[in-house]
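S.K.: Before I ask anything, let me first share the structure, which is written out below as structure tokens.
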Amino acid sequence: MPCIEQLLINENRKLDENGMPRVAGVDRSRFGQLHAEGRKLIEGWIERATRQIECSNEDSFEPFIFAWIAFNGWASCVTGQDHDRDYLDALTLDADLDRAFKDRLGDSEGNTELSKAAQDFQSLWPIFRSSDVKNAAFSAPDSETRRQRIERYKTIRLESRNPARHKPACAFLHSDRYEDIPLDWPHTLSAIYQVRCNLFHGYKGVHSENDVLVVSSAFKILGRLLPVLVGG
């Protein structure tokens, strides 16, 4: 994948002898070996999130947080890493997870909801860093569509010395080539993580990237992915 470097988080990562990022390995069997209380805790957060999977868009903020807490615990377990930047890079580069993700999206037997959730979330990319779009230059009229907003942010980005950062970071690389942002595991994970950062650390403004549709779409895919990831 030619844009993989832009999807990685840890800027201080070391390279191996082949010039590839040196990241932790992913072993999903580790979750089954986790002590019972640890598994119970993570599975409890998953249950709290997934039982609200059909909630209204406006009610999606809390279950998204539940889902991320569960994901954070699972990711730390299967990678052996405690920091976001380390486990995210490991997950991003894991070919088995990417393959499993694509298989699930292409599986017509019972996974149509996951596929639709993924496509709906993809249509909102890129997700901008909320703290970067808090000033007046980024203020959006109520009538503006998501696509119009992205194009306007892109124009401001080209004209600004301090452009709004976004995930996937390679989004405009793809659009400049007149191609869709790939709907795969690395790009999806990158976008979900930006939603997480916006919610946990972002600017809580009316026109921030914390809008209802973005969070709801991110929750609908993360909530549906968690049982798949944890179940193997």
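The values are calculated or read from the model by the stated rules, or taken from the named source; none is laboratory data. Owing to the predicted nature of the structure, the values given are computational and were not obtained by experimental measurement. Methodologically, a virtual Cβ is constructed for each residue, glycine included, from the backbone with ideal geometry; neighbour enumeration extends over all protein chains shown. Ligands, DNA and RNA are excluded from the accessible area calculation, which covers all protein heavy atoms including side chains. Shrake-Rupley method; radii C 1.70, N 1.55, O 1.52, S 1.80 Å.
S.K.: Regarding residue 15, is this residue open to solvent by 40 Å² or more (accessible area, probe 1.4 Å) and at pLDDT below 95?
M.R.: Yes: the conditions hold for residue 15.
S.K.: So, one more: Can you go through 200, 219 and tell me which one is modelled with pLDDT of 95 or more, within 14 Å of the chain's Cα centre (by Cα) and either closer than 19 Å to residue 131 by Cβ or assigned to a helix (DSSP H, G or I) (or both)?
M.R.: On inspection, the qualifying residue turns out to be 219.
S.K.: Which residue is surrounded by the most Cβ atoms within 10 Å (Cβ to Cβ), if the candidates are limited to region 32-78 and must be outside any helix (DSSP H, G or I) and not β-branched (Val, Ile, Thr)?
M.R.: Selected residue: 60.
S.K.: Suppose we filter 96, 120, 103 for residues that are free of Cβ contacts under 8 Å to residues at least 24 places away in the same chain and open to solvent by 60 Å² or more (accessible area, probe 1.4 Å); which single one remains?
M.R.: 103
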